[in-house]
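K.L.:
My questions will all concern the structure given below.
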Amino acid sequence: MSPTASASSPTVFARRAVFPFTAIVGQEEMKLALLLNVIDPKIGGVMIMGDRGTGKSTTIRALADLLPEIEVVADDPFNSHPSDSDLMSDEIKQRLEQGESLPLAKRKVQMVDLPLGATEDRVCGTIDIEKALAEGVKAFEPGLLAKANRGILYVDEVNLLDDHLVDVLLDSAASGWNTVEREGISIRHPARFVLVGSGNPEEGELRPQLLDRFGMHAEIRTVKDPALRVEIVEQRSTFDQEPALFLEKHEPQQVELQQRLVDAQTRLKTVAIDYDLRVKISQVCSELDVDGLRGDLVINRAAKALAAFEGRTEVTVDDIRRVVVLCLRHRLRKDPLESIDSGYKVEKVFGQVFGLAEDTSTQTNGAGQRIGMR
């Protein structure tokens, strides 16, 4: 099924009309980071910081709508994969082992919005102790993490969310599982999702320990160019007035991008990165005094995902250049007296290590040229 529908399918538009991803103007950093995390969710999610009204929520909803349908076990609340044991609940595994024939269904990729006031029970799910004791069954009420399995979990204003809840989300995103324990009863289920957080830096920053655990960090700014602002306003106005025609116009690009993502996910396992490049990646992290090894891991994964997205099986220096700022800018130790932008520092050290000090064009421009959408 294509990500959008043709004009001959009015029922789809009556049910839902989502602004198409390929029609979004600018914000190349954010779009590239999101696409790479869809190709390889192990990158660890995206933190998007920027001004209000810059299209953060619109872009994330557009991405979820772009993705192809997934096959799930029809009667399972966790969107379990019918054959991949890493993406299925323990109950489904048991049913498979017993030789049961599972009912299958196709479902759109879920985008779950996490409200700021959500409790831990709402996020993780709850165990009905009374029912468990009375009937001898594990009565579990799934939470938002269950719904988000194999989908996208979006937290707007993540910098205002309780630190403990952010920790829970990051733990689940990293391990791919959510465990709920109460009164000696323990239930776990798969929770493999792309975690996307957004916020306005004026309203406060995340603690460095939490920020470091997001795979990538995209910064977006309000567009200053008047002509580009007019184009954005006109695009939105046209969509609001005639959503069916607007979606039909962009359907070919949507289908093409969707297929590129599917092909990239398949190709990812075959992508290799030369040993010398891996050494230089670690040298960049070392010279920037990045704590831990998350930076090294994420750059390697993001560069491979980018190569896969562009149809290649070998990572190039240019692939690394285009993801290195996204992967490292939020991992640098901040000196309150320093006025140098963290992205510029990363680019400068990258250029020195890779011998490209005179050829460090901005990462955003590089991303924009390669995505090939606008």
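K.L.:
Any chance you could count how many residues in the range 221-237 are small (Gly, Ala, Ser) and within 19 Å of His250 (Cβ to Cβ)? Even if it seems obvious, please write down each step before you answer.
P.N.:
Initial filter on the range 221-237 (small (Gly, Ala, Ser)): 227, 237.
Then keep just the ones that are within 19 Å of His250 (Cβ to Cβ); that gives 237.
Within the range 221-237, residues that are small (Gly, Ala, Ser) and within 19 Å of His250 (Cβ to Cβ) number 1.
K.L.:
Out of the helices (runs of 4 or more DSSP H) lying entirely within the range 190-276, which hold 2 or more residues that are loosely packed, with under 13 Cβ neighbours inside 10 Å and of a type in the set (D, E, K, R)?
P.N.:
In the range 190-276, the matching helices (runs of 4 or more DSSP H) lie at 226-241.
K.L.:
Another one. Which number in (1) in the same structural domain as Asp156 (by TED's automatic domain parsing); (2) farther than 21 Å from Asp171 by Cβ; (3) among the small types (Gly, Ala, Ser); (4) in contact with an Asp or Glu (Cβ under 7 Å, 6 or more places away or on another chain) marks the one condition that Ala272 misses?
P.N.:
(1)
K.L.:
What's the number of the only condition in (1) of a type in the set (Asp, Glu); (2) surrounded by fewer than 17 Cβ atoms within 10 Å (Cβ to Cβ); (3) not in a helix (DSSP H, G or I) that Asp76 fails to meet?
P.N.:
Here Asp76 clears every test but (2).
K.L.:
Would you confirm whether any residue within the range 214-223 is touching a helix residue (DSSP H, G or I) at 6+ places or on another chain (Cβ under 8 Å), of a type in the set (Phe, Trp, Tyr) and under 22 Å from Gly44 (Cα atoms)?
P.N.:
yes
K.L.:
So which of Gly143, Gly125 is touching a residue at least 60 places away in the same chain (Cβ under 8 Å) and not aliphatic (A, V, I, L, M)?
P.N.:
Going through Gly143, Gly125 in turn, just one is touching a residue at least 60 places away in the same chain (Cβ under 8 Å) and not aliphatic (A, V, I, L, M): Gly125.
K.L.:
Give all pairs with beta carbons closer than 6 Å in which a residue from the range 179-197 that is assigned by TED's automatic domain parsing to the domain that holds Asp163 and aromatic (Phe, Trp, Tyr) meets a residue that is surrounded by 14 or more Cβ atoms within 10 Å (Cβ to Cβ) and not in a strand (DSSP E or B); count only pairs at least 6 apart in sequence or on separate chains.
P.N.:
Taking only residues 6 or more apart or on different chains, the pairs are Phe193/Ala148; Phe193/Gly151.
K.L.:
Pick from the range 343-361 the residues that are exposed (fewer than 15 other Cβ atoms within 10 Å of the Cβ) and modelled with pLDDT under 80: which of them is nearest to the chain's Cα centre (by Cα)?
P.N.:
Residue satisfying both the conditions and the ranking: Ser361.
K.L.:
For the range 168-189, what are the residues that are crowded, with 21+ Cβ neighbours inside 10 Å and not in a strand (DSSP E or B)?
P.N.:
Correct list: Leu169, Ser172, Ala173.
K.L.:
Kindly establish whether Glu91 is assigned to a helix (DSSP H, G or I), under 25 Å from His250 (Cα atoms) and at pLDDT 80 or above.
P.N.:
Judged against the criteria, Glu91 is not a match.
K.L.:
Anything in the range 257-301 that is in contact (Cβ under 8 Å) with a residue 60 or more places away in the chain and within 18 Å of Arg312 (Cβ to Cβ)? List them, or say none.
P.N.:
Leu257, Leu261, Val262, Ala264, Gln265, Leu268, Arg301
The values are calculated or read from the model by the stated rules, or taken from the named source; none is laboratory data. What you are looking at is a predicted structure, and each value in this text was computed from that prediction instead of being measured. So basically every Cβ, Gly included, is an ideal-geometry build from the backbone, and we count neighbours across all protein chains shown.
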